[in-house]
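The structure appears right after this line, and notes come after that.
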Amino acid sequence: MTAPSAPETAATADARDELTDGYHLVVDALKLNDIDTIYGVVGIPITDLARLAQARGIRYIGFRHESNAGHAAAAAGYLTKKPGVALTVSAPGFLNGLVALANATTNCFPMVQISGSSERHLVDLKQGDYEEMDQLAAAQPFVKAAYRVSRVEDIGRGIARALRTAISGRPGGVYLDIPAAVLGSIMDKETGDKTLSRLVDPAPRQLPAPEAVDRAIELLAGAQRPLILLGKGAAYAQADDQVRDFVESTGIPYVPMSMAKGLLPDNHVQSAATARSLALKKADVVVLVGARLNWLLNHGEAPSWNPDAKFIQIDIEAKELDSNQPIAAPLVGDIGSVLEAIAERTKPGQIAAPAAWREELAARSATNVAKMAERLKADPSPMQFMGALKAVRDVLHANPEAYLVNEGANALDIARNVIDMHVPRHRLDSGTWGVMGIGMGYAIAAAVESGKPVIAVEGDSAFGFSGMELETICRYNLPVITVIMNNGGVYRGDDVNPLENDPSPTTLMLAARHDKMIEAFGGKGYRATTPAEVTAALNEALASGGPALIDCEIDPSAGTESGHIAHLNPKGITVGNITPAKK
């Protein structure tokens with residue numbers, strides 16, 4: 001028999017109060033640095049860390065898969081401009097979270113993934129510990145930085161360093177490894193408290209050199225067809241007033257990347273979004289504001305771009321410059337400071353967009369807007385992407401406070417063209433990598449961080465990556481409405497297997513009832529077969545303020561292979577000419 005434990009005395013209680021441990025120090029360090037929410041999946045060795053965080057006033061949002069928790073933390077970092085924190089278990093849980101952490105780094109979102117890990121002496125000798133893995137080494141190639149805390153007295157320093165690294169300069173993902181033994185280590189509380197620190201100015205302003213500003217102004221002043229291109233970095237910067245002043249004081253047309261939509265309303269008179277192809281092809285001087293000349297912009301190359309175009313690039317990371325095209329006027333600094341410097345050093349009337357250029361773009365925009373309006377008038381049966389997305393657009397117009405999360409192939413590409421935005425940072429999508437699976441994580445973060453309703457427009461294939469998080473949405477009673485473009489396939493649902501009864505590689509279940517999924521968790525499900533039904537369901541769901549899902553039955557023949565990026569598919573000799581093998 002086990003001897004009964006002695007009753008706790010005042011002396012033993014006092015002794016306990018004079019001690020702390022790794023769990024408490026992690027939570028205290030996070031609270032000291034204003035981290036108020038953690039996204040994660042619990043298990044050995046971090047379950048008590050989540051419990052303690054919750055008990056100490058940090059909100060813990062528990063997910064069904066670490067990748068989705070990580071995507072939520074990344075989106076929280078983007079929306080709040082402070083590091084989002086994801087908490088995972090060791091080895092497989094860590095690897096699941098690493099997908100989101102790598103995506104956060106690529107998208108320049110500040111995020112910290114804290115993972116428990118196995119004992120170092122066992123891992124290093126490969127002795128076969130529970131979930132044994134050298135997680136620090138595994139993370140390093142995919143993140144902005146990776147750190148390990150090996151002593152309990154270094155937890156405060158590790159948390160502070162991870163948070164500063166994530167948010168300073170170009171934001172990104174940081175991995176922080178905390179072995180189980182460190183979490184359980186006990187030390188004197190007074191000494192432990194002294195190891196914690198609050199960050200001072202973790203993301204300091206970075207001012208551009210005056211001569212660099214003058215060089216850019218001179219180049220813009222001589223432009224005949226200037227163009228401003230706004231990237232999601234401009235949205236993240238929260239320098240909304242400076243961006244607007246720069247655009248409107250110069251009169252230069254601008255094109256927003258998808259997550260920069262809403263920095264200025266999409267119906268702004270200077271927006272050239274609906275004449276994007278013409279704007280890129282003819283612009284002679286282009287100002288990149290928080291945007292990179294990567295694959296999303298065809299690397300700045302002709303024929304998509306004017307081969308003689310000169311680029312001015314505003315970026316906080318100097319090594320990004322000249323990555324694809326020579327940058328004639330580099331401006332290294334934070335976007336707000338750079339735009340303020342341009343305003344201060346520009347003489348009145350020095351920069352202006354010639355009327356002929358503005359009129360040319362306006363004419364093309366008017367033509368394209370009219371064509372789109374004609375396409376949106378159609379109401380075919382079965383329902384097409386256009387009709388369903390027009391319904392979403394119209395409801396968003398009436399509810400501008402709602403956030404839009406968007407992923408898929410055709411669901412993403414067509415929504416970008418149909419749904420215009422009018423509020424900054426209210427559109428979140430697949431971003432720089434173009435990954436699927438961000439939907440439910442981003443939607444949950446937007447709802448948690450803002451308290452506002454979220455409409456997640458999902459392709460049925462993309463939804464499958466994170467669909468179980470419907471339970472998370474319902475468990476926390478979040479105002480998230482998931483709208484699924486259900487055409488029964490990856491890209492489209494009418495592909496066939498020419499030889500056997502198995503579905504084709506791109507075929508999903510056309511008869512799937514996603515609305516029944518959310519009903520299983522207590523949310524409200526809708527089935528919509530017409531745009532009018534989409535509108536009615538969306539308005540009712542918004543009015544209810546709770547979790548809902550609208551399963552939109554889309555024509556299975558609607559959509560194109562790989563959406564707007566079909567050209568990225570390699571062209572082999574069998575493409576379009578696949579002959580079934582004989583049995």
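Does ARG527 meet the test of being touching a helix residue (DSSP H, G or I) at 6+ places or on another chain (Cβ under 6 Å) and either within 30 Å of ASN298 (Cβ to Cβ) or open to solvent by 50 Å² or more (accessible area, probe 1.4 Å) (or both)?
Working: touching a helix residue (DSSP H, G or I) at 6+ places or on another chain (Cβ under 6 Å): yes; either within 30 Å of ASN298 (Cβ to Cβ) or open to solvent by 50 Å² or more (accessible area, probe 1.4 Å) (or both): yes.
Answer is yes for this residue.
From the set of residues in segment 547-569 that are of a type in the set (Asp, Glu) and in a loop (DSSP other than H, G, I, E, B), which is least open to solvent (accessible area, probe 1.4 Å)?
Residue satisfying both the conditions and the ranking: ASP555.
Filter segment 530-546 down to the residues that are in contact with a Pro (Cβ under 8 Å, 6 or more places away or on another chain) and over 14 Å from ALA456 (Cβ atoms), then identify the one that is surrounded by the fewest Cβ atoms within 10 Å (Cβ to Cβ). Spell out how you get there, then give the answer.
Looking only at segment 530-546, we keep the residues that are in contact with a Pro (Cβ under 8 Å, 6 or more places away or on another chain), and these are 542, 545-546.
Still in the list and also over 14 Å from ALA456 (Cβ atoms): 545-546.
Details: GLY545: 11, GLY546: 18.
Taking the candidates together, the pick is GLY545.
Could you please give the count of residues in segment 31-43 that are of a type in the set (A, V, I, L, M, F, W, C) and touching an Asp or Glu at 6+ places or on another chain (Cβ under 8 Å)?
Of the residues in segment 31-43, the ones of a type in the set (A, V, I, L, M, F, W, C) are 32, 35, 38, 41-42.
When the remaining residues are screened for being touching an Asp or Glu at 6+ places or on another chain (Cβ under 8 Å), the result is 41.
Residues flagged as of a type in the set (A, V, I, L, M, F, W, C) and touching an Asp or Glu at 6+ places or on another chain (Cβ under 8 Å) within segment 31-43 amount to 1.
Take ARG161 and tell me if it is of a type in the set (D, E, K, R) and without any contact (Cβ under 8 Å) to a residue 40 or more places away in the chain.
Values: of a type in the set (D, E, K, R): yes; without any contact (Cβ under 8 Å) to a residue 40 or more places away in the chain: yes.
Judged against the criteria, ARG161 is a match.
Among the strands (runs of 3 or more DSSP E) contained in segment 60-152, which hold 1 or more residues that are open to solvent by less than 10 Å² (accessible area, probe 1.4 Å) and in contact (Cβ under 8 Å) with a residue 40 or more places away in the chain? Break it down into steps so the answer makes sense when it comes.
Numbers: elements: 84-88, 111-117, 145-148.
Counting at least 1 such residues, we get 84-88, 111-117.
If you take the residues of segment 392-415 that are under 14 Å from ALA462 (Cβ atoms) and part of a loop (DSSP other than H, G, I, E, B), which of them is nearest to the chain's Cα centre (by Cα)? Show your work before the answer.
Within segment 392-415, the first condition is being under 14 Å from ALA462 (Cβ atoms), and the residues that meet it are 405-415.
Subset that is part of a loop (DSSP other than H, G, I, E, B): 408-409.
Details: GLY408: 14, ALA409: 16 Å.
So the residue we want is GLY408.
Among the residues of segment 44-59, how many are surrounded by fewer than 24 Cβ atoms within 10 Å (Cβ to Cβ), β-branched (Val, Ile, Thr) and more than 17 Å from VAL448 (Cα to Cα)?
Number of matching residues: 2.
If the requirement is being of a type in the set (A, V, I, L, M, F, W, C) and farther than 18 Å from ALA160 by Cα, which of these qualifies: LEU87, LEU95? If you could, list the steps in order and put the result at the bottom.
On the way: LEU87 fails: farther than 18 Å from ALA160 by Cα.
Matching residue, one of LEU87, LEU95: LEU95.
The values are calculated or read from the model by the stated rules, or taken from the named source; none is laboratory data. Computed from a prediction, not measured in an experiment: that's the story for all the values here. Cβ sites come from the backbone with ideal geometry, for glycine too, and all protein chains shown count toward neighbours. These accessible areas exclude ligands, DNA and RNA; they are computed on the full protein's heavy atoms, side chains included. Shrake-Rupley method; radii C 1.70, N 1.55, O 1.52, S 1.80 Å.
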